[in-house]
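Notes for the one structure printed next.
The values are calculated or read from the model by the stated rules, or taken from the named source; none is laboratory data. Please read these numbers as outputs of a predicted model, since none were measured by experiment. Because the Cβ atoms are built from the backbone with ideal geometry, glycine has one as well, and the counts that use them run over all protein chains shown.
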């Protein structure tokens, strides 16, 4: 069997798979979505029957490599039918199959889709090697570097997005595009007038949808802390408790997917576009809270000063490589439109204590176990695996070179 032959699961995953089989025999479902993240951070999926799912737990399931070769508008960027698949890799020639293997610990029942299960999958070549371009594998590789030093990255999510009402209840030919060119966008109207920060009344206008979302997040096991009415018309901010980096990335993918699907079923529309080209819409960001902890769970950023020496070096690495890391934190042209002076989005690589105008906002302080860095660079449409992995790469470089972050912006 593919999974056992290539040693792809831990003992914990084997136990989870056994328990999952028993659960689904007691509580049958109609379909299970086998999901994976594409390079853009979008969730792709195939829905299979329970029998096929049980087989996939042992043999994996074949998918086309094509989702790796497309841009965000569906245009083919790499020609799979040239030698090396346009990437210089023999394994990519001819648009071959990959094998996806479910991670049994990620299984959920979708509360808005009766009888439908959902599970995240890892991508492999047919010889059992991890797929080079799998975002989840790339994050795991960086987490393994931390694990070698008995360090764990803890991540808290703070994400802004827009909730709008659908002004059209069906699609027409105008909405249909071609690969690389989208059709006309669906028309929406604002849910509330906006620019009344934390208005309880404006939030209550959105409450029927926000309530359904909160119930969905709870059923999915997402560690929601708050849902807030933000600045723009229908702009919402969701915050989540800190958790291990891989779980946080997985949860972000599921959060974004769940939000879009629940809203659409309620006749609403959710967008994670950083700066929608609509009158009066303010930019949305994704602020990534992060800290390192040791094997005993102690926060390694907390120290006798504002940050420990290790925390200072990690911060310095994030700042030094901010330009390069922006391709992962803010991958769209639209996202760059956030970067304006004095706009709550950074326009330079700097840091400050509890300073929302800086790229990195340091929170906590002397011996505070909640000490952390809030990187305000990201956009809500970013790939969570690549965004988080970029922080590990840059932060570890700062630690290995004993860099110092320089003076504060404040």
Hey, residue 344 more than 17 Å from residue 287 (Cα to Cα) and assigned to a loop (DSSP other than H, G, I, E, B) or not: no
Matching option when the condition is under 17 Å from the mean Cα position of the chain (by Cα) and surrounded by fewer than 22 Cβ atoms within 10 Å (Cβ to Cβ), among 242, 258: 242
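Residue-wise test of (1) at pLDDT below 95; (2) within 13 Å of residue 301 (Cβ to Cβ); (3) in contact with a strand residue (DSSP E or B) (Cβ under 6 Å, 6 or more places away or on another chain).
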{"position": "335", "(1), (2), (3)": "yes, no, no"}
{"position": "357", "(1), (2), (3)": "yes, no, no"}
{"position": "360", "(1), (2), (3)": "no, yes, yes"}
{"position": "376", "(1), (2), (3)": "no, no, yes"}
{"position": "390", "(1), (2), (3)": "no, no, no"}
Some residue of the range 342-349 being within 20 Å of residue 159 (Cβ to Cβ), surrounded by 15 or more Cβ atoms within 10 Å (Cβ to Cβ) and in contact with a helix residue (DSSP H, G or I) (Cβ under 6 Å, 6 or more places away or on another chain): no
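Considering the range 328-341 alone, what residues qualify as being without any contact (Cβ under 8 Å) to a residue 60 or more places away in the chain and either surrounded by fewer than 22 Cβ atoms within 10 Å (Cβ to Cβ) or over 22 Å from the mean Cα position of the chain (by Cα) (or both)? Give the steps one after another, and end with the answer.
Going residue by residue through the range 328-341, those that are without any contact (Cβ under 8 Å) to a residue 60 or more places away in the chain are 330, 333, 336, 339-341.
Answer for the range 328-341, where residues must be without any contact (Cβ under 8 Å) to a residue 60 or more places away in the chain and either surrounded by fewer than 22 Cβ atoms within 10 Å (Cβ to Cβ) or over 22 Å from the mean Cα position of the chain (by Cα) (or both): 333, 336, 339, 340, 341.
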Considering residues of the range 20-55 that are touching a residue at least 60 places away in the same chain (Cβ under 8 Å) and part of a helix (DSSP H, G or I) only, the residue surrounded by the most Cβ atoms within 10 Å (Cβ to Cβ): 53
Candidates 270, 283, 214, filtered to the one that is part of a loop (DSSP other than H, G, I, E, B) and under 24 Å from the mean Cα position of the chain (by Cα): 283
Spans of strands (runs of 3 or more DSSP E) in the range 58-156 with at least 3 residues touching a helix residue (DSSP H, G or I) at 6+ places or on another chain (Cβ under 7 Å) and either surrounded by 17 or more Cβ atoms within 10 Å (Cβ to Cβ) or at pLDDT 95 or above (or both): 97-102, 116-124
Residue check, residue 224 under 14 Å from residue 159 (Cβ atoms), touching a helix residue (DSSP H, G or I) at 6+ places or on another chain (Cβ under 7 Å) and surrounded by 21 or more Cβ atoms within 10 Å (Cβ to Cβ): no
Sole residue being under 24 Å from the mean Cα position of the chain (by Cα), modelled with pLDDT under 95 and more than 30 Å from residue 101 (Cα to Cα), chosen from 185, 164: 185
Residue 243 vs. criteria in contact with a strand residue (DSSP E or B) (Cβ under 8 Å, 6 or more places away or on another chain), modelled with pLDDT of 95 or more and not assigned by TED's automatic domain parsing to the domain that holds residue 36: yes
Within the range 157-181, tally of residues that are farther than 22 Å from residue 338 by Cα and in contact with a helix residue (DSSP H, G or I) (Cβ under 9 Å, 6 or more places away or on another chain): 2
Some residue of the range 290-303 being modelled with pLDDT under 95, in a loop (DSSP other than H, G, I, E, B), more than 23 Å from the chain's Cα centre (by Cα) and over 19 Å from residue 245 (Cβ atoms): yes
Candidates 270, 329, 324 - the one that is out of contact with any strand residue (DSSP E or B) (no Cβ under 8 Å at 6 or more places or on another chain) and assigned by TED's automatic domain parsing to the domain that holds residue 376: 324
